[in-house]
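See below for the structure under consideration.
All of the numbers you see were taken from the coordinates with simple rules; none came from a lab. Bear in mind the structure is a predicted one, so any value in this text is a computation, not a measurement. Virtual Cβ from ideal backbone geometry, glycine too; neighbours counted across all protein chains shown.
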Ligand code: PFF
């Protein structure tokens, strides 16, 4: 008998918490404000909302249908639905790309932990060069934290070990239980920080900026950005939702679940915008120096904001704890893609499959972590290992996996697959079936292809 147990989420709330937990990650938290800034504030927000509803939700439903109808991992789902073909390779690509993403995402998780520890010990706010401004100080801190000696490696390994701890406990006792605790905590901390920032004098300028659209900034590039962000922030094209939906009970309503997950992710992204832009305007940081992009936003601009706030250290502790929770619920979901695949394919116990997948990462992610230190000058095609993996997976592999998924569900799998999944095998009617199917067959493949081509060019 297979030692690998059949897994399922135990409750509806747990299932939603875990799926939202996967979606709300560093991509949602730090990429979103940056895209808003370059895409004309609310104009981008509007575009993003349209992309989520018209494209991402149908794509999400196609991944849900693959997972729940087969109750298999990403490779097994394709193999079961199309046994005598090479379609399993689409699932294989999802497993490979999710593994590659994990290699560098764990490193960013490690930085988050390092910043949290820095905020707790007070080291984060200690000036180390006399006479410099706060901006230079935090820039220097970031350099020190990401490139400095052993600590980025140790912290990355800590994140991997926490992932191992959660994953060996299984779907219900590990992933679901963790998400049930962490997601409410994340939400409450976001509310607290947002409430505080919005009460600051001068914060309204940022709210206005965030909600006032500047349509002149909408270019084809920004539109492609919004589409890519909608897919990435909902964890699509990584095999994650195929894997998670294989744990959904058979009475879960997929359309409702996809809307709840997308709306909750959207709410978090908007709350993040309502923290960053108002804080920058309240503390006079609305200049070109204060970029809201990626690492710089989270690790330079925000600590600077916290320093201006009364009780800044406490705010920094709350924020970096929140970021750590977001990173953990996402890394666990992406690791589960490989753990489920290895477990089912080689009929291994949960413990063994988790170790087989995550122990090698201790080495691979440490190498990625060194991209900012000792391996800074080791470049392949002009990219460091970290940047190369980031670019390869985000720009090429994710769109390809998403594209293969929609082509398979729209054109290869029997039409009945989607109908049965949307209606729980005819238990009720689905008014959205034709619209969803239309997007999956005609719109999504074209749009994802455009994203892919524009990423390559
Ligand atoms: N939706 C996730 C995010 O916004 O960060 C996407 C993701 C990326 C999930 C990397 C998991 C992961 F390891």
Angle between the Cα long axis of helix 12-23 and the longest principal axis of the chain, 0 to 90 degrees, nearest 10? 60 degrees
For the stretch 372-449, what number results from the quotient of the Cα radius of gyration and 2.2 N^0.38 Å? 1.68
Over all distinct Cα pairs, what is the inverse of the mean 1/r for the chain, reported as the Kirkwood hydrodynamic radius in Å? 22.4 Å
log₁₀ of I(q)/I(0) at q = 0.10, 0.19 Å⁻¹ - the stretch 4-115, Debye sum with one point per alpha carbon: -0.44, -1.28
Give me D for the stretch 137-289 in µm² s⁻¹, whole number, from Stokes-Einstein with Rh from the Kirkwood sum over alpha-carbon pairs, 25 °C and 0.890 mPa s. 127 µm²/s
Let me know the shape class of the stretch 118-222, please: from the alpha-carbon gyration tensor, a ≥ b ≥ c as square roots of the eigenvalues, rounded when a/c is under 1.5, otherwise prolate if a/b is greater than b/c, or oblate. oblate
Taking only Cα atoms, what is the 0 to 90° angle, nearest 10, from helix 88-121's long axis to the longest principal axis of the chain? 30 degrees
Would you mind checking the radius of gyration and Dmax of the stretch 43-83 based on alpha-carbon positions, in Å? 14.2, 45
222 nm mean residue ellipticity, helices alone, for the chain (DSSP H n ≥ 4; -39,500 (n - 2.57); rounded to 500): -21500 deg cm²/dmol
Longest to shortest principal axis, alpha-carbon extents of the stretch 249-394, angstrom: 57, 50, 30
Once the principal axes of the Cα atoms of the stretch 214-254 are found, what is the range along each, listed largest first in whole angstroms? 47, 19, 11
Gyration tensor over alpha-carbon atoms, the stretch 167-215, equivalent ellipsoid semi-axes in Å: 37, 14, 5
Kirkwood radius from Cα pairs of the stretch 60-113 plugged into Stokes-Einstein at 4 °C, 1.567 mPa s, gives D in µm²/s equal to 105 µm²/s
So how far, in whole Å, is the C-alpha centre of the stretch 1-68 from the one of the stretch 179-257? 8 Å
Please report 49, 342, 197 as a ranked list, fewest other C-beta atoms within 10 angstrom at the top and most at the bottom. 49, 342, 197
Mind pulling the angle between the C-alpha long axis of helix 444-456 and the longest principal axis of the chain? Nearest 10 degrees, somewhere in 0 to 90. 40 degrees
Given C-alpha coordinates of the stretch 322-394, what is the ratio Rg to Rh with the Kirkwood estimate of Rh? 1.06
Long-range alpha-carbon pairs in the stretch 310-457, meaning those over 28 Å apart, account in percent for 49 percent
